[in-house]
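All remarks here apply to the structure that follows.
The numbers here are math on the coordinates, done by the rules we state, and not lab data. A quick note: this is a predicted structure, and the numbers were derived from the prediction, not measured. Note that each Cβ is placed from the backbone with ideal geometry, even for glycine, and that neighbours are counted across all protein chains shown.
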Amino acid sequence: MAKPTPGAEGPDHLGASPEPQAGAGGQAAALKNLQSKLRSDLRHHPVVLEERARRAKSVQLRIADMITAFAGSMNFVYLHIAGFTLWMLFIESKPWPTLTLIVSLEAIFLSTFVMIGQNRQADFQQAKADHDFVEQELELKTNTELTREIDRLTIELHHRLMGTAK
């Protein structure tokens, strides 16, 4: 009978052994697999996922994202270096009035995209802060309830063990 080749289990197998291993080594491997699955499932904050979904629905927001992504890249810089050099050498003579107008208009539009990006970032930060606040308040409430229940159970256990009346 031929031995299966390593990695032949398929992509859905997550690289774990087909049978659980006995002892601490098997438990450690299982824990490591569980941690990696959790990390991939919880890769992004819920507000990030909501923001992505909202932005994906709007054509205007997708276009603004593409423009700001390109304008913030080195390709944008290289394109402008080449374009300005060609313009100054071959298209217009000094003092380049048309080039000055084009650059000024471009600066106006790019500053508008920067402000759009800053507003978007501020909205995202506020939504994330609101979400985190709600989650922390829920956690605090749950912890308080658990602490009270532990206190109640401790007192009840104490009374039962000591045989005293409540």
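The convex hull drawn around the Cα atoms of the stretch 98-146, when projected onto a plane and averaged over every direction, covers 3.1 nm².
Remark: the stretch 44-57, residue by residue, has Karplus-estimated 3J(HN,Hα) of 10, 5, x, 5, 4, 5, 5, 5, 4, 5, 5, 5, 5, 6 Hz, where x stands for each Gly or Pro and the curve is 6.51 cos²θ - 1.76 cosθ + 1.60 at θ = phi - 60°.
The charge dipole of the stretch 45-162, taken about its Cα centre with unit charges on the Cβ of Lys, Arg, Asp and Glu (plus for the first two, minus for the last two), comes to roughly 420 debye. Please work out, to two decimal places, the log10 of the ratio I(q)/I(0) at q = 0.11 Å⁻¹ from a Debye calculation in which every Cα of the stretch 45-162 carries one identical scatterer. Debye intensities relative to I(0), on a log10 scale: -0.64.
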